[in-house]
Structure formats: structure tokens, C-alpha cells
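*Asks:* There's a structure below that I have some questions on.
None of the figures in this text is laboratory data; all of them are computed from the coordinates on show. Note that this is a predicted model, so its numbers are computed, not measured. Quick reminder, even Gly has a Cβ in these numbers, built from the backbone with ideal geometry, and neighbours come from all protein chains shown.
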């Protein structure tokens, strides 16, 4: 598993050189590595998978693909949250996968820097929907209505994990940029979140969720099939 995770970290670093957000939205720093971040947790669990993502991010920082400072720290925090959520959902402690996105929603709401509403719409409306999607998927999987490799379950986990990562990255980023480094004033950050991020994040999160699900579903089924057909050694 460690060897496979190391190879995964290398793949993660390579995909980190593809600036997807600039290609999709015309700006931003998100890369193709986001597509496989949930898969890292599903395959290797929250600890080993998190280590693979962390190594991949550090390689990108060292190579200059990811700027150091607040951006790097927010990306690393986001990726670790994604892997932890997805990894727990695929573990025997699957209900614990709800703890991280729920905690992120509570912390974001309590943070004075956070933008809570844009007009009448909660900023976290899609995060709330993704949390509910994961809760429903876990209940259905627990009852045996769907299995862990079904497209519904994998897609729900991918979506929720990526949304959790977005919120965790936002919390870390806003507190560093506003409170620690003073890059933004509270008013300037509010304007940035209201006028750009609120409209942009559903587009890029849906894109990564669809792409991540399309990648994860066949990979998980292929690995599961290979494990079932492999000869047992004594």
C-alpha cells in the first residue's frame, strides 16, 4: 500500500501542473490533481491517502507549480480534508465521514471573516446539499440498498469530499489572508467572495466532482475485481 501510495503521490504531483481552474474559469490556482484527490482516500484510507496527497502537494510547491504561503497552506488543508472525508466513508468508521464536513460548516459559520449570505442565499448552500447527499448515501449503503462501489455512493462521496475540501481551504485561506498576512481587509475579502467566488465555486466543484467520479468508479471496480480473481497464496 505504501508503494502504491508513493506512485499515486507522483501522479498527483504531475496532475498538479495542469491548471484546470484557469482553463475552465479563466483564473484561479486549482489543478487536475483535484480530480483524483477523493480517490486517494478511497483507495488508501485517510492516513496513507492523506500522506500521498501531502507529498504530491509538497512536490508541486518545490517545483514552483503551487505558490508557497497562504495559497499552499489552504490547498494542503483542503486536500487533507477531501482525503479524510472520502477515506472515512470507505472505512469501517464510515459515519465519521460526516464529522469533517459538519465541523467545517460550523467553523465557517462561526468565523467573523466568513461571508454567510449573498443576498438571500447562504454562501454554503452547495456544501449543505453535499453533506445531505453523503448522509443519505451512507444510510442507503448501511441498509444494503446500494453497495460501496455503486456509482451513486462513489459520486456522493466524491462530491461531498470535494465540497468539504473547498470549505476547509476557504476557512484556512481567509484567516491567513485577512487576519495573518493582511493581504485583504474584511471588506475586500467580502467583495471577492461575493462577486467572484460565490458564482465560481459551484462550477468548478461540479466539474471536479463529475470528473472525479468518472475516474473513481471504474478504478475502484477494476481493483475490486482484480482482488476477487487473484489467486490466494498460502
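*Asks:* Determine, from the Cβ-Cβ distance of residue 71 and residue 145 and an R0 of 41 Å, the FRET efficiency 1/(1 + (r/R0)^6), rounded to the nearest 0.05.
*Replies:* FRET efficiency, residue 71 to residue 145: 0.50.
*Asks:* For q values of 0.09, 0.14, 0.15, 0.18 Å⁻¹, compute log₁₀ I(q)/I(0) with the Debye formula on a Cα-only model of the chain, without solvent.
*Replies:* -0.36, -0.87, -0.99, -1.40
*Asks:* Looking only at the range 131-170, which residues have a backbone nitrogen under 12 Å from a spot 7 Å from the Cα of residue 54 in the C-beta direction?
*Replies:* Hits in the range 131-170 for residue 54 at 12 Å: none.
*Asks:* Would you mind computing, in nm to one decimal, how far apart the modelled labels at residue 118 and residue 210 are, each placed 7 Å from Cα along Cα→Cβ?
*Replies:* Label-label distance for residue 118 and residue 210, simple model: 1.9 nm.
*Asks:* Note the full-extension length gain between residue 203 and residue 224 as 0.36 nm times their separation in residues minus their Cα-Cα distance, in nm to one decimal. Intermediate results must be reported in sequence, preceding the final value.
*Replies:* Numbers: separation 21, 0.36 × 21 = 7.56 nm, distance 3.14 nm.
Contour length minus the Cα-Cα distance gives 4.4 nm.
*Asks:* When you count, for each residue, the other Cβ atoms within 10 Å and take the mean per peptide, how do 158-170, 182-194 rank with the highest first?
*Replies:* With the highest mean Cβ count within 10 Å placed first, the list reads 158-170, 182-194.
*Asks:* Now for a separate question. Please work out the FRET efficiency for the pair residue 125 and residue 47, using the Cβ-Cβ distance as r and a Förster radius of 35 Å; give the result to the nearest 0.05.
*Replies:* Numbers: r = 32 Å, r/R0 = 0.90.
Result of the calculation: an efficiency of 0.65.
*Asks:* What's the FRET efficiency of residue 2 with residue 92 using the Cβ-Cβ distance as r and R₀ = 25 Å, to the nearest 0.05?
*Replies:* Plugging the Cβ-Cβ distance into 1/(1 + (r/R0)^6) gives 0.75.
*Asks:* Kindly put 121, 172 in sequence by how many other C-beta atoms sit within 10 Å of each C-beta, fewest to most.
*Replies:* The order, fewest Cβ neighbours first, is 121, 172.
*Asks:* Continuing with this model, one more query. If you average the sequence gap of Cα pairs under 8 Å that are 6 or more apart and divide by the length of the chain, what percent do you get for the contact order?
*Replies:* Values: 325 pairs, mean separation 50.5, N = 234.
In percent, rounded to a whole number, it is 22.
*Asks:* To continue, here is another question. I'd like the distance separating the alpha-carbon centroids of the range 145-220 and the range 59-124, in whole Å.
*Replies:* 7 Å
*Asks:* Going by alpha carbons, how many degrees (0 to 90, nearest 10) lie between the helix axis of 125-143 and the longest principal axis of the chain?
*Replies:* 20 degrees
*Asks:* How large is the helix-only mean residue ellipticity at 222 nm for the chain, computed as the sum of -39500 (n - 2.57) over DSSP H runs with n ≥ 4, divided by its residue count, in deg cm²/dmol to the nearest 500?
*Replies:* Values: 9 runs with 164 residues, N = 234.
That comes out to -24000 deg cm²/dmol.
*Asks:* At residue 109 and residue 11, where each label point lies 7 Å from the Cα along Cα→Cβ, what is the point-to-point distance in nanometres?
*Replies:* 3.8 nm
*Asks:* Assign one of three labels to the range 32-125, namely rounded, prolate or oblate, based on the Cα gyration tensor with a ≥ b ≥ c the square roots of its eigenvalues; rounded applies when a/c is under 1.5, prolate when it is not and a/b is larger than b/c, and oblate otherwise. Walk me through the numbers on the way to the answer.
*Replies:* Details: a/c = 2.44, a/b = 1.20, b/c = 2.04.
It comes out oblate by the Cα gyration axes.
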